[in-house]
Amino acid sequence: MRTFSKVFIVSFICFLIAIFIGSYSYVKEKDIKLESEQSYPIAEKMDIGKTIVKKLEIAPKEPEIYSNLKEAIEKSNRVNFIVLGMEDVRTDTIIFASFCLIQKRLV
């Protein structure tokens with residue numbers, strides 16, 4: 001057990017050194033500056049507080065509620081389906097998909 005611990009600690013230290021050297025060389029090669037050295041003129045012009053308040057004031061759209069399945073099928077803008085990947089009697093993959101008829105794409 002002691003041998004395992006020693007090997008693990010030495011391997012972990014080597015891993016950390018390799019990550020540090022790789023990160024340092026990447027930053028130097030790409031000439032990336034720290035956040036304190038960068039300025040964001042767009043963010044300075046925007047009032048973040050007002051933007052957040054505006055987004056919170058927008059009322060969420062209520063989901064459409066139908067009284068029965070036939071009405072839901074006729075009036076719905078989406079087609080939902082489930083895809084099952086089966087091997088013998090076991091299902092190993094389950095994918096739920098929804099197709100929007102208005103936008104003509106999977107959602």
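Things to note:
- Residue check for GLU29: at pLDDT below 75, among the charged types (D, E, K, R) and farther than 30 Å from CYS100 by Cα: no
- The set of residues from the stretch 53-82 being aliphatic (A, V, I, L, M), within 23 Å of the chain's Cα centre (by Cα) and at pLDDT below 75 comprises just one member, LEU56.
- Residues of the stretch 38-52 satisfying the condition of being modelled with pLDDT under 65 and basic (Lys, Arg): LYS45
- Residues in the stretch 73-107 that are out of contact with any Asp or Glu (no Cβ under 8 Å at 6 or more places or on another chain) and in a helix (DSSP H, G or I): ILE73, GLU74.
- Positions within the stretch 74-86 being in contact with a strand residue (DSSP E or B) (Cβ under 9 Å, 6 or more places away or on another chain) and without any contact (Cβ under 8 Å) to a residue 12 or more places away in the chain, in sequence order: LEU84, GLY85, MET86
The values are calculated or read from the model by the stated rules, or taken from the named source; none is laboratory data. The model shown is predicted, which means the values in this text are computed figures rather than measured ones. When we count neighbours, we look across all protein chains shown, and the Cβ atoms used for this are built from the backbone with ideal geometry, even at glycine.
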